[in-house]
Structure formats: C-alpha cells, structure tokens
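J.: I am attaching a structure below and will ask some questions about it afterwards.
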Amino acid sequence: MAVVLATSPAAGLPWSDGARSDGSLLERLTAQLLTLPVREVLVVVRSQDAQAGGWERAAASGTRHQICVSDGLAEDLRIVAKTARASTSPVAVLAADVVAHTEALSLLLEHPARPTGAIVASGDPAPLRPPVRTEWGRVVSAGTSFHEVEWANGTFRGVLQVGEAHLAGLADIAEDLADLAQRRHLGRVGDGEVPELLLTGLVRAGVQVHAVSLNTLHCGRAGTRPAAERAVRELADVDEAQARLDAAVKSGDGFFATHCVSSWSRHLIRPAVRLGLTPNTVTGISVGFAAIAAIWFSDGRRAGLVVGAVALYLSFVLDCLDGQLARYTRRFSPLGSWLDAICDRLKEYLVYVGLAAGYAAGPREPWEIWALAVGAMILQTIRHMIDFSYAGAVADRARAADLRAAAPRPMAVPWDEAPAAAAAKGTGSVLALSRRLDALSGARGVAYWAKKMIVLPIGERMALIAVTAALFDARVTFLALLGWGVVALAYTAAGRMARSFA
C-alpha cells in the first residue's frame, strides 16, 4: 500500500525527459509505483484540487488508484493512521513531488524482507534539509522544520516505508501528530512534511528504521518547475542498469573479497542471469569447486596443491557471486540464506580434510596434521558460535524494542518541545568524540581495512588457505589458521562484550 501526498502545487508540475512531455510529477510517480510490488495507491489531495486534471488522470489510469480528499495537515495524518490500521502489508508514505529513479524506489519498496526504512542521501553540503543522522545503517535521529538534529550527516529523501510489525505504532504516532497539528503545536511545520513528521516520530518511538542509501541513483523532492526540470536531467545522466549492478556488489566485505573478487565478479552477474542461474544454483556450483579443491589437496604434491588453491579461489568467487546475483535479481529466501551459511562451513571443512589427508599421505607422522586440522575446525566452530549467538541476541533485543515501539507510549522528547531544548539533550563532549571516531573509522583507509582483516573473515581465510597451501604445505596452513584465528577470536569476543555492556 502506498499513500501519495499530492497536497502541494508541486505535485501537478509537468515533467519532461527533454524529448516529450509526460504529464505531471504525480502521474510519473504513480506510474513508477505500479511497476513495483505496490497493490494499491492512495492519492491524498486538497478539496480544491480533487477535480484537477492531473489528479483525475492519475486516478483514472488504473484500478489500483484511489483519491482521498483532505482539508489540511491534521487530516493528512489521520488518513495515514487509518490506512496503517487497515493494512495487512507494509505501508509506504511518499510526497507526490518526489522525482526518483525507479531503481531508487525499488531499493526500499521491492526489498523482499520489507523492513521499516527510509531513503536517505549522505554527503550533501550543509545545510542538510530535512536532516537525519544515520549510524550503522539505521536512522537514529530525524528532523523537520521544527525538530532539530544534532550531528546530522544526511538528508531524508521523502520516501518512507513502514513494515507490518510497526503499523500499529505508525497509526498511534500519526494520530498524536494530527492532534498536535490541529492545536497548532507543531510550529512552522508545513503541509508537505508528513513523511518527515512520521519518520521523526518513528525514530523517537524507538523503531529501527533502516537507512537505504542511493549511491549513484537520484531521489529527491522538486518544489518548483526549474527544480523538477533539473531533477529529470539528473536522472537521465545516470545509467540505471549499471547502478543496479553496482548495488548488487556488497559494500561491507573484507579486503580480499572487495579488491580481489568483487572487483571483477560483478561482470559475471548478467551472464548468470542470461543463463537462468539462480543464487542457490551458484551456491551448489561453489560447493562443487570446493570439493574439487579438496580432492587436489589430498594429492599432497606441489602440483595438486597449486591446482587445489586455484579451485578454492574460484569456489570463493562463486560464493560471492551467489549473493550478488540474489541482490541483483532480488531473489532472497530463508532457504537460500540457510544454504549459503551451511555451505560455507561445508566447503571450508572439506578443504581441511583434503589438506590433512594429502599431508598425512607423505612420509610424516599423520597424528600431528590431523590434530592441527581438528584444532582449526574447533576454533572456527567456536568463532561461528559466538557470531551467530551474538547476532541472535541482537535480533532478540531488536524484536523486544520493536514491541515496545509498537505499543503506545510517551515520546522521549515531547513533540511540542522547543527545538533548541530538544537538541541540547543527550549532547556533550563524549558524544561529540564518539561521532568523530565513528566518522573516522568509516573512511576506507588503512585503519578501516585493518579492522576488517583482523577478524579473519571468510575471504581472508580462503586467501590464507590458498596461498599457504600453494607455496608451503598443509602444516603451515593450519598453523597460520590457528594463530590468526586465536587473535581474531580474542578481538571479536572483546568487542562483543564491550558493546553488550555499553
């Protein structure tokens, strides 16, 4: 369900791609929504505009459109509340003057997990309007023309989606805001700020709102005709197909995966799509290459170790490709996620067995290499146990927070509190230092990659196994895995405990 707020004159602005005129901004946006998994579009208009051409054509262009007449900001918010209470699926709230790539909208509206999220752009020059602050992929503070934001590092682009788990909370927040708007307690907040108000309310209520970044894509609001024309030109300057391909490549991978695999595996995505390969199929092929690597490693001779190293590298390339293919085609599934996690462990342990078998076949004591192999396997199992148990604990805490957020409760900062007083709360030298350190650690410099590598992610492990096996032997491989693995375990466990006590 999408609620499109056509409550400002900008919604009726004409747009053109330079060669032809294609109607109003509202018509363009509703046509885009119908190409996405949106079953119904509710267009909110003012009474004086209800019979205007652009709105009328938008409603007549498809049976999935409805027109709802509103007399002001308070009524707009009550319509959103009513829609949220009646809906059994996620609800998107958009301003009708949003000009965006369809691909930018799909990053949020077509995601299979359908989380609560907002499209956010970062790195814009100050002043940031409307401002948001994001941390670790979440919107942690959001503002309007009345509500200020400390340490803003991005802007909200006018597209908000609320998942099913948070619809009750959205309805309560919208009704509270409607009451305040009716009593004129929201200061200078304008009719066009409904998405901003709702985002601010969700964040203040403790809802986890995902920050969906745009990268090279465009999404923004156009309040005037020159702004609309400029926005349409910016859309034309971007290759949407290439942007979708770039977005399929995971941005938070380790050093080896980023620079030695994803830098070229992206060129395999489109051929894989043309061949009709699914992510699960690619996962299965990756397991096959790992089995080939284990067989060659079991040969124990130098040629076998080198061929095994190459096969292991190709297995990891396919391991990255299955995720890239899933993100490109948006074919996610619980089964696929489970298979990917299980097959990663299976491939790694197959390789351990192959290396140990090849080394034990030589004129050396077999018990030592098998002890090292079992030790490496146990260490890696403990590391995975810590990671998955911590991730489960974080998910449980997030679900508990979502339940609290969905229940009616007073805001941490009153809605009608003066902006300066609200902004002053929770600030200080410690918070300022924390923000600066977070910004510094986000830079892709030596410190960033060192933090990525020290935890020995799967890319670094596969590279370590392949290089040490090809150049030395299995004993060196297992000793390297154990040494680096112990350091990674200590670093990870310390970090988990520190965040748990924070």
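The values are calculated or read from the model by the stated rules, or taken from the named source; none is laboratory data. As the structure is a prediction and not an experimental result, all values here were calculated from the model. Neighbour counts run over all protein chains shown; Cβ positions are idealised from the backbone, glycine included. To get the accessible areas, we keep the full protein, side chains included, count just its heavy atoms, and leave off ligands, DNA and RNA. Shrake-Rupley method; radii C 1.70, N 1.55, O 1.52, S 1.80 Å.
J.: Taking region 324-360 as the region of interest, how many residues are surrounded by fewer than 22 Cβ atoms within 10 Å (Cβ to Cβ) and not charged (D, E, K, R)?
T.: 19
J.: Then there is this: Looking at this structure, is residue 134 under 20 Å from the mean Cα position of the chain (by Cα) and on the phi < 0 side of the Ramachandran plot?
T.: Judged against the criteria, residue 134 is a match.
J.: Okay, moving on. Identify the single condition in (1) under 21 Å from residue 465 (Cα atoms); (2) touching a residue at least 60 places away in the same chain (Cβ under 8 Å) that residue 244 does not satisfy, given that it satisfies every other one.
T.: (1)
J.: With the condition kept exactly as written, say whether any residue in region 211-229 is free of Cβ contacts under 8 Å to residues at least 60 places away in the same chain, farther than 26 Å from residue 162 by Cα and not acidic (Asp, Glu).
T.: Restricting attention to region 211-229, the residues satisfying the condition of being free of Cβ contacts under 8 Å to residues at least 60 places away in the same chain are 215-216, 226-227.
Those still in the list that are farther than 26 Å from residue 162 by Cα too: 226-227.
Cutting the leftovers down to not acidic (Asp, Glu) gives us 226-227.
Among the residues of region 211-229, at least one is free of Cβ contacts under 8 Å to residues at least 60 places away in the same chain, farther than 26 Å from residue 162 by Cα and not acidic (Asp, Glu), which makes the answer yes.
J.: Restricting to region 155-172, name every residue that is surrounded by 23 or more Cβ atoms within 10 Å (Cβ to Cβ) and of a type outside the set (A, V, I, L, M).
T.: 156, 157, 158, 161, 166, 169
J.: Here's a follow-up. Go through 216, 200 for me and flag whichever is surrounded by fewer than 24 Cβ atoms within 10 Å (Cβ to Cβ) and either among the β-branched types (Val, Ile, Thr) or touching a Cys at 6+ places or on another chain (Cβ under 9 Å) (or both). I'd like the intermediate steps shown before the answer.
T.: Numbers: 200 fails: surrounded by fewer than 24 Cβ atoms within 10 Å (Cβ to Cβ).
The conditions single out 216.
J.: Based on this model, can you work out whether residue 217 counts as closer than 20 Å to residue 96 by Cα and modelled with pLDDT under 95?
T.: Numbers: closer than 20 Å to residue 96 by Cα: yes; modelled with pLDDT under 95: yes.
Against the criterion (closer than 20 Å to residue 96 by Cα and modelled with pLDDT under 95), residue 217 qualifies.
J.: Tell me, which helices (runs of 4 or more DSSP H) wholly within region 164-279 include 3 or more residues that are of a type in the set (A, V, I, L, M, F, W, C)?
T.: Values: elements: 167-182, 194-204, 225-236, 240-248, 262-265, 269-274.
Counting at least 3 such residues, we get 167-182, 194-204, 225-236, 240-248, 269-274.
J.: Within region 221-232, can one find any residue that is among the small types (Gly, Ala, Ser) and in contact with a His (Cβ under 8 Å, 6 or more places away or on another chain)? Steps first, please.
T.: Taking region 221-232 and keeping what is among the small types (Gly, Ala, Ser), we get 222-223, 227-228, 231.
Next, from what is left, pick out any that are in contact with a His (Cβ under 8 Å, 6 or more places away or on another chain): 231.
Yes: one or more hits.
J.: Just to be sure I understand the filter: pairs with C-beta atoms under 6 Å, separated by 6 or more residues or on different chains, first member in region 176-191 and on the phi < 0 side of the Ramachandran plot and of a type outside the set (Gly, Ala, Ser), second member surrounded by 15 or more Cβ atoms within 10 Å (Cβ to Cβ) and part of a helix (DSSP H, G or I). Which pairs pass?
T.: Final answer for the pair search is 177/77; 177/197; 182/74; 186/180; 191/73.
J.: Next question. Could you give me the residue pairs with C-beta distances under 7 Å whose first residue belongs to region 290-314 and is over 9 Å from residue 358 (Cα atoms) and part of a helix (DSSP H, G or I), whose second residue is of a type in the set (Lys, Arg) and open to solvent by less than 60 Å² (accessible area, probe 1.4 Å) wherever it lies, and which are 6+ apart or on separate chains?
T.: Pairs found: 290/347.
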